[in-house]
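Just below is one structure, and these are the notes that go with it.
None of the figures in this text is laboratory data; all of them are computed from the coordinates on show. This one's a predicted model, so the numbers in the text were calculated from it and none came from an experiment. We place every Cβ from the backbone using ideal geometry, glycine too, and count neighbours over all the protein chains shown.
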Amino acid sequence: MFSPVRALTGLLPLLLLAGCVPRIELATPSQPITINMNVKIEHEIHIKVDKDVEDLLKSQSDLF
């Protein structure tokens, strides 16, 4: 037999779930994104040469 109470009990959860519609919103920022990169790079190069090559470089300084 059809009961209105049973019908409402069955429809009530469906009506409540129908009201819960997920909403996704994408908004761009009002100001541009700034990236501050303060980078300081220091390097040293150490060259070890043989005594013969060092003497050659001293005697002929116009090579380089």
Problem set entry | Candidate values [x] 86; [y] 292; [z] 151, label of the one derived for volume of the Cα convex hull per residue in Å³ | [y]
For this session: Could you tell me which of A7, I47, V21 has its Cα farthest along the dipole of the chain towards the positive end, charges placed at Cβ (Lys, Arg +1; Asp, Glu -1), taken about the Cα centre?
Result: A7
For this session: Mind pulling the angle between the C-alpha long axis of helix 4-18 and the longest principal axis of the chain? Nearest 10 degrees, somewhere in 0 to 90.
Result: 20 degrees
Problem set entry | Separation of the L17 and I33 label points, Cα + 7 Å toward Cβ, nm | 3.8 nm
Problem set entry | Packing-based order for 22-32, 46-56, using average beta carbon neighbours within 10 Å, highest first | 46-56, 22-32
